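Take a look at the structure below.
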Amino acid sequence: MRIICRVVIIVFSLLIVHPVASQTMKEWRDSLETLTTALKNDPNNIDLRLRKAEADIQLERWDYALAEYGRILRTDEKNLAALYFRAFVHERQQHYDQAKADYEAFLAIQPLHLETRLGLAHVLQKMSRRSDAMDVLNQAVQMFPDSADAYAARAAFETKYLLYELALYDWNEATRLRPDNEGFIISKVDLLIRLKRKKEAREALDDLVSKGTPRGSLKEWYDRAR
């Protein structure tokens, strides 16, 4: 179950990738101090504000990040980076109406952006708007038929609501498109076990072992697939 939870988190909650996220908290604090000083000398520099907001996010200074994105969007209401990351911050603070508005504003400008569609679907799910969330996930799959992440996001959603046969189709597509993704394969194994198709689950586990995954690390799943 732990791997399945990671799959859902990867698809829905870790859509935002910070290329320098390996920095330590001290390094982020130092960066924040440097950027704050730089902004005093150049307060209209949007790039500096975006970088400062990123540091605020890394330090979980959510209100400060929101303030920075607000300043940027008052200057440039179509700034996609500010809309996207402000939606992310709103979501982290459970401001789901505001997150939804920012994701939708982004998509009105750039409809072909998978991560934003998945973010919107996640927010709609948090708002208990299950039908709307499913519509957005269907759109994502239609727009990005070669995206394993699109199928995986819909499969995770369908699994949560016990739509197992639909979810199995989507996990099959996700693993077809990204056959080396262990998380996707384990999620499919879990679903096969729920569907009492344990022989197929064991075959999928054996395939993982043949590709180099230590059998011992899959003991929990082999035990469930007996």
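The values are calculated or read from the model by the stated rules, or taken from the named source; none is laboratory data. All figures in this text were calculated on a predicted structure; none of them were measured in a lab. Every residue, glycine among them, receives a Cβ derived from its backbone with ideal geometry; neighbour counts consider all protein chains shown.
Arg178: outside the structural domain of Asp102 (by TED's automatic domain parsing), surrounded by fewer than 19 Cβ atoms within 10 Å (Cβ to Cβ) and not hydroxyl-bearing (Ser, Thr, Tyr), yes or no? Full working, then the answer.
Values: outside the structural domain of Asp102 (by TED's automatic domain parsing): yes; surrounded by fewer than 19 Cβ atoms within 10 Å (Cβ to Cβ): yes; not hydroxyl-bearing (Ser, Thr, Tyr): yes.
Judged against the criteria, Arg178 is a match.
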Name every residue in region 26-71 that is over 15 Å from His90 (Cα atoms) and either not in a helix (DSSP H, G or I) or not assigned by TED's automatic domain parsing to the domain that holds Phe85 (or both), in order of residue number. Asp42, Pro43, Asn44, Asn45, Leu59
Checked Asp170, Asp149, Asp223 against criteria (modelled with pLDDT of 95 or more, more than 21 Å from Leu124 (Cα to Cα) and either part of a helix (DSSP H, G or I) or within 18 Å of the chain's Cα centre (by Cα) (or both)); the one match is Asp223
Which of the residues spanning region 178-215 are under 23 Å from Gln125 (Cβ atoms), of a type outside the set (Gly, Ala, Ser) and assigned to a helix (DSSP H, G or I)? Phe184, Ile186, Lys188, Asp190, Leu191, Arg194
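Is it the case that Val209 is farther than 18 Å from Ala155 by Cβ and out of contact with any Gly (no Cβ under 8 Å at 6 or more places or on another chain)? It would help to see each step written out before you state the result.
Numbers: farther than 18 Å from Ala155 by Cβ: yes; out of contact with any Gly (no Cβ under 8 Å at 6 or more places or on another chain): yes.
Yes.
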How many residues of region 67-82 are touching a residue at least 24 places away in the same chain (Cβ under 8 Å) and surrounded by 16 or more Cβ atoms within 10 Å (Cβ to Cβ)? The answer is 4
Hey, any hits in region 111-126 for a residue that's farther than 30 Å from Leu191 by Cβ and more than 16 Å from the chain's Cα centre (by Cα)? yes
Can Arg154 be described as within 20 Å of Gly212 (Cα to Cα) and either at pLDDT 95 or above or part of a helix (DSSP H, G or I) (or both)? no
Restricting the search to region 72-89, which residues are in a helix (DSSP H, G or I) and either closer than 20 Å to Glu115 by Cβ or touching a strand residue (DSSP E or B) at 6+ places or on another chain (Cβ under 7 Å) (or both)? Ile72, Leu73, Leu80, Ala81, Ala82, Leu83, Tyr84, Phe85, Arg86, Ala87, Phe88, Val89
